[in-house]
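Worksheet for the structure shown next.
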């Protein structure tokens, strides 16, 4: 085998590979709105087929289809490639380019950068990984591992039907030795950050509706002057929420919320000690456009809070009149979108009953909880596993000394792979950089030569990871 | 003079009068959106001109124009007719007809009813009043009073530029003996309710923006998993709001909020004693679709709360992701629309500084207050004034024994007329019924024969009020 000729092939076909990514970006796949999902799934199926997969198909679920494909390289090792083809909506203000056009603009200090919904989360990497696989074959080589592709279309909806698929396909999936999720691991300064785990998540809505409550307006918002003698669902929700956190909004006051939290294990403490030496707080603040962390924490103390604290977040809240100018209204209903993030040892089935009990105990039984996602459990891979070591080896091949994070605060459905019935180790990564997932002007760096790798090096790193996984 | 031939004329031209109302409804005039304002103002100016007004014109302000017109009948008395030609927006869900089509549908138990934005608040009555005036002249009579028309286009924006107009026109306006606002005074069972006063109002926004705060996300909402180490403007706003009311949301805990409230004066106590005998709690609950009043108050106790309590209302609240499904987001900003209603003796300049002081004292100096309306002061007319008695006489002529309310909880710019520089008494009223101002399916009853008067009787009552005002 020669990775060199594959790398050369990638360089020679750079423009074509950029166009491939743009093509996929232009096909909307907004799962929460049901927009473009099936069309995008068919795109992906076509990619699998062209690569030479057998059995490339849409596997129906009660929700969006999983795109499945098997590539048999006659290799010893088999990698289950987890991918997501759905994205967030594009309706937030602040976009400076049309979010589904796939526009590549010059963005200092990165150079040419793709600014689009899905650029980094994660259609950009999905197509780049396929570019990488296609390049191995086009360069005259065979893939070093067998692949089982699982591209789901509901990651942004909590992968709600992925367990159904896994249950149905478990015998096929069990043949894999490892799960790999191709994503970019460099921060905006080019530092490689290896993330070994994810938090769990539960996502739900809280609501007070006058109709069910039996107080306040019951059918529609009424003239605002009626507040003087009619109850307000909005004020009641405010009071209910007020009991849930400390005054700074950072400590959760729901009884039992922190009960199952455990201190970082020794392996994590070791990683944190090393991480402390290179952790770049300012780079993260710059990326997030955040000036201060909670409690004015700095460095490793801030990071520990990020990695090991469960959270209760308000993702959205709305009631009444939200248009321009003035309209006096006593709203009949208020709704919130909220999430709980779960750290190791917290089960995803625990938070909702605790919140229910808290609300009832404080006299807010009219607040309804509507679970939108059954959720993910937390998941972790030990840095000592051959899979994690294979990824680290790739980064070193490219001259990077990666910073190893025991986990991240984000969530992904890895617990579905690394617990029963599959019990597979998982890794995620790749060179390259992008950011602003879920925000306007989401981006993925395309050009080399700036502080981070571009698309070509990203694809080469995916190639390298596959070769290294062949030897685990 | 013969009111009878005018009433006959109105009956004979019923269809034409309905069409006149529909024509005006179809011309949008949504002040908060700046939609159709100038076109609607030109409609009104045309009506004034056709009636025979001299000097019918648009008087420019820094905002929307006031439509002005003078009708000289050579009469002894002059009535300043206050009107509003603007409406609320139409973007709330729940409309069962297109809100600007002017559709007349059969609505039990009322019979034919106009369902449209502006039907009752108050383009319906505006056009009906002009139908009435036109009918007097078309029937061969002369108007019994001189009229000065003041139709403003910013009532739903707090009449923010009406003081400017009044200042400029005060010498002309001072010639009036009384201010009359044509509106419908019957509830859905047909009972006539005379309202002698209005509450004042201040309307404002509260906001926490991470950019100004220097904490939380500063530029855009960021991935929700960052709540673990980044402050949340939404949780902080929840905590700030939580300090402002009792747990039931009904008692305002802002220091000094109730300081200037005075008990009802003896004249009001007398009116309330009478009112107690006929006050129809269930009719109001049915109209508002409300099952219970606050604290389970009933009858006159509920009504007293409504009439004599100041309020702090949340008209709207929004932050973060409010679309379908799930999106994890830590919002960078939260905004509320709020109003304070002011009862007699409370000045409109008082509440905002009290709220500011409250927020600062509780450690929420990052909450910004943005005043959207300078507001109205409260206003009242004594039932003993000749103007109020003229209105009562009209209702009795039509066989009604009106229920007299010392005031209502709603607000109107009457303080601009009954204080300096004009010092004019004001009355509002007319037979007829409509409801759902500021709500979907706003309506105005058109047909006679149901529990309430329809359009024709409404117009006749306006005619009668003018004749009775001629004799004050």
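The values are calculated or read from the model by the stated rules, or taken from the named source; none is laboratory data. As the structure is a prediction and not an experimental result, all values here were calculated from the model. Cβ placement follows ideal geometry from the backbone for every residue including glycine, while neighbour counts extend to all protein chains displayed.
Annotations
- Any hit, the stretch A:336-357, residues being farther than 27 Å from residue A:159 by Cβ and either more than 10 Å from every other protein chain (Cβ to nearest Cβ) or crowded, with 19+ Cβ neighbours inside 10 Å (or both): yes
- Residue count, the stretch A:17-37 (criterion: in a helix (DSSP H, G or I) and in contact with a helix residue (DSSP H, G or I) (Cβ under 7 Å, 6 or more places away or on another chain)): 9
- Note on the stretch B:254-266: residues that are at pLDDT 95 or above and surrounded by 11 or more Cβ atoms within 10 Å (Cβ to Cβ) amount to 7.
- Those strands (runs of 3 or more DSSP E) of the stretch B:38-114 in which at least 1 residues are closer than 13 Å to residue B:152 by Cα, considering only elements entirely within it, cover B:54-59, B:66-71, B:78-84.
- Residue in the stretch B:412-433 that is within 24 Å of residue B:75 (Cβ to Cβ), assigned to a loop (DSSP other than H, G, I, E, B) and free of Cβ contacts under 8 Å to residues at least 60 places away in the same chain present: yes
- Hey, residue A:268 in contact (Cβ under 8 Å) with a residue 40 or more places away in the chain, over 24 Å from the mean Cα position of the chain (by Cα) and in a helix (DSSP H, G or I) or not: no
- Considering only residues in the stretch A:237-252 that are part of a loop (DSSP other than H, G, I, E, B) and free of Cβ contacts under 8 Å to residues at least 12 places away in the same chain, the one that is farthest from the other protein chains (Cβ to nearest Cβ) turns out to be A:251.
- Residue that is nearest to residue A:222 (Cα to Cα) [pool: residues in the stretch B:298-321 that are more than 7 Å from chain A (Cβ to nearest Cβ) and part of a loop (DSSP other than H, G, I, E, B)]: B:310
- Test set (1) in the same structural domain as residue B:213 (by TED's automatic domain parsing); (2) touching a strand residue (DSSP E or B) at 6+ places or on another chain (Cβ under 8 Å); (3) closer than 30 Å to residue A:217 by Cα - residue B:354 fails condition number: (2)
- Taking the stretch B:140-236 and the strands (runs of 3 or more DSSP E) fully enclosed by it, the elements with 3 or more residues that are within 30 Å of residue A:244 (Cα to Cα) are at B:200-209.
- Residue among A:21, A:54 that is modelled with pLDDT of 95 or more and assigned by TED's automatic domain parsing to the domain that holds residue A:178: A:21
- Flag for residue A:297 being in contact with a helix residue (DSSP H, G or I) (Cβ under 7 Å, 6 or more places away or on another chain) and over 29 Å from residue B:204 (Cβ atoms): yes
- Among the residues of the stretch B:103-114, those identified as under 13 Å from residue B:433 (Cβ atoms) and in contact with a strand residue (DSSP E or B) (Cβ under 8 Å, 6 or more places away or on another chain) are B:107, B:110, B:111, B:112, B:113, B:114.
- Checking residue A:442 against (1) buried (at least 23 other Cβ atoms within 10 Å of the Cβ); (2) at pLDDT 95 or above; (3) away from chain B (no Cβ under 14 Å), the condition it does not meet: (3)
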